[in-house]
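Take a look at the structure set out below.
The values are calculated or read from the model by the stated rules, or taken from the named source; none is laboratory data. Being a predicted model, the structure only gives us computed values, none of them experimental. Here Cβ is always computed from backbone atoms with ideal geometry, including for glycine, and neighbour counts include all displayed protein chains. SASA here: full protein model, heavy atoms, side chains in, ligands and nucleic acids out. Shrake-Rupley method; radii C 1.70, N 1.55, O 1.52, S 1.80 Å.
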Amino acid sequence: MSGRKGLRPLTPNLLDFVQKFKEGEVQVERGGLVLEQEKRSVHLHTLLEGVLVRFLTLDDGRRQIVNFMFPGDFVGLQGAFDDKLNHSVQALLPARLCNFGRRRFYELISEHPQLAYDLIWLAACEETELEDHMVALGQRNAREKVAYMAVWLHDRALASGIPVLHDQHLDLPITQAQIADMLGLSLVHTNRTLKALARDSLLFWTPGRISLPDRQRAVDFAQYEERSQQLRPFI
């Protein structure tokens, strides 16, 4: 994990602490639940491999995808404060996670301020991402929304060491239904939007791959604000 491009390696003393602090690892197959809405979790997690999707489900079954989680992301922080989870987390790709006991969270914070700072930094990054997602939902049109999401997923993959082939092709099995659930579009509108973007050669999105033939053109079209790609910490 420490050798993954885009992630900052732990210092030896912090790595030793994390190895003693963790309670093993878990493998989750594609489609498996890591966390479940309205439940309490006894664990916190660091995502080591794979991609997760975080979503909320309404009483009538409608779903809103809130965010995607990539290697290095900390999962389940809300559960550290003894609350029921207001969201579920599911594996988009087969995932490997490191488990930490939720009740020992204070120990991590109090004994290692550097790890506490890293957690705050990760939480601040996600807050910024969620603000950007809100702008996409509220102010961009359908084509701009999809282009924004495609560029953002490319950036997050690169920042966590997931390969983007030839700087164009990101292999992620995201369905049109999931695009619709993220961006508040109907399936019909999503399908038409993807076809329109492909006709204009802005992007090509199939169930298994997101391709940006001209990344800068997609960035400009979506009015996507590029952020610094500094090394991300992981716990």
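Scanning the range 50-105 for residues that are closer than 30 Å to Arg209 by Cβ and of a type in the set (D, E, K, R) returns Arg54, Arg62, Arg63, Asp73, Arg96. In the range 77-92, the qualifying residues are those that are hydrophobic (A, V, I, L, M, F, W, C) and surrounded by 14 or more Cβ atoms within 10 Å (Cβ to Cβ), and the one that is modelled with the lowest pLDDT is Ala80. Scanning the range 155-191 for residues that are touching a helix residue (DSSP H, G or I) at 6+ places or on another chain (Cβ under 8 Å) and more than 19 Å from Phe68 (Cα to Cα) gives Asp167, Gln168, Ser186, Leu187, His189, Asn191.
For first residues located in the range 145-163 and more than 19 Å from Leu202 (Cβ to Cβ) and in contact (Cβ under 8 Å) with a residue 24 or more places away in the chain, partners that are among the small types (Gly, Ala, Ser) and surrounded by 20 or more Cβ atoms within 10 Å (Cβ to Cβ) and lie 6+ apart or on another chain with Cβ distances below 6 Å form the pairs Ser160/Gly72. For beta carbons closer than 6 Å, sequence separation of 6+ or different chains, a first residue in the range 93-114 that is surrounded by 18 or more Cβ atoms within 10 Å (Cβ to Cβ) and a second that is hydroxyl-bearing (Ser, Thr, Tyr) and modelled with pLDDT of 80 or more, the qualifying pairs are Cys98/Thr46. Contact map, the range 126-138: residues that are without any contact (Cβ under 8 Å) to a residue 60 or more places away in the chain paired with residues that are open to solvent by 50 Å² or more (accessible area, probe 1.4 Å), Cβ distance under 8 Å, separation 6+ or inter-chain. Pairs shown: Leu137/Gly184. Taken over the range 6-41, the criterion of being part of a loop (DSSP other than H, G, I, E, B) and among the β-branched types (Val, Ile, Thr) is satisfied by Thr11 alone.
Assess whether Leu44 counts as being more than 19 Å from Ser160 (Cα to Cα), at pLDDT below 90, in a strand (DSSP E or B) and open to solvent by less than 80 Å² (accessible area, probe 1.4 Å). It is true that Leu44 is more than 19 Å from Ser160 (Cα to Cα), at pLDDT below 90, in a strand (DSSP E or B) and open to solvent by less than 80 Å² (accessible area, probe 1.4 Å).
Buried (at least 20 other Cβ atoms within 10 Å of the Cβ), of a type in the set (S, T, N, Q) and either more than 20 Å from the chain's Cα centre (by Cα) or within 30 Å of Thr11 (Cβ to Cβ) (or both): is that true of Thr128 in this structure?
Values: buried (at least 20 other Cβ atoms within 10 Å of the Cβ): no; of a type in the set (S, T, N, Q): yes; either more than 20 Å from the chain's Cα centre (by Cα) or within 30 Å of Thr11 (Cβ to Cβ) (or both): yes.
Against the criterion (buried (at least 20 other Cβ atoms within 10 Å of the Cβ), of a type in the set (S, T, N, Q) and either more than 20 Å from the chain's Cα centre (by Cα) or within 30 Å of Thr11 (Cβ to Cβ) (or both)), Thr128 does not qualify.
Considering (1) over 30 Å from Gln216 (Cα atoms); (2) open to solvent by 40 Å² or more (accessible area, probe 1.4 Å), the lone condition that Trp121 does not fulfil carries the number (1).
For Lys195, indicate whether it is under 26 Å from Ser88 (Cβ atoms) and of a type in the set (Lys, Arg). Working first, answer last.
Values: under 26 Å from Ser88 (Cβ atoms): no; of a type in the set (Lys, Arg): yes.
For Lys195, the condition - under 26 Å from Ser88 (Cβ atoms) and of a type in the set (Lys, Arg) - is not met.
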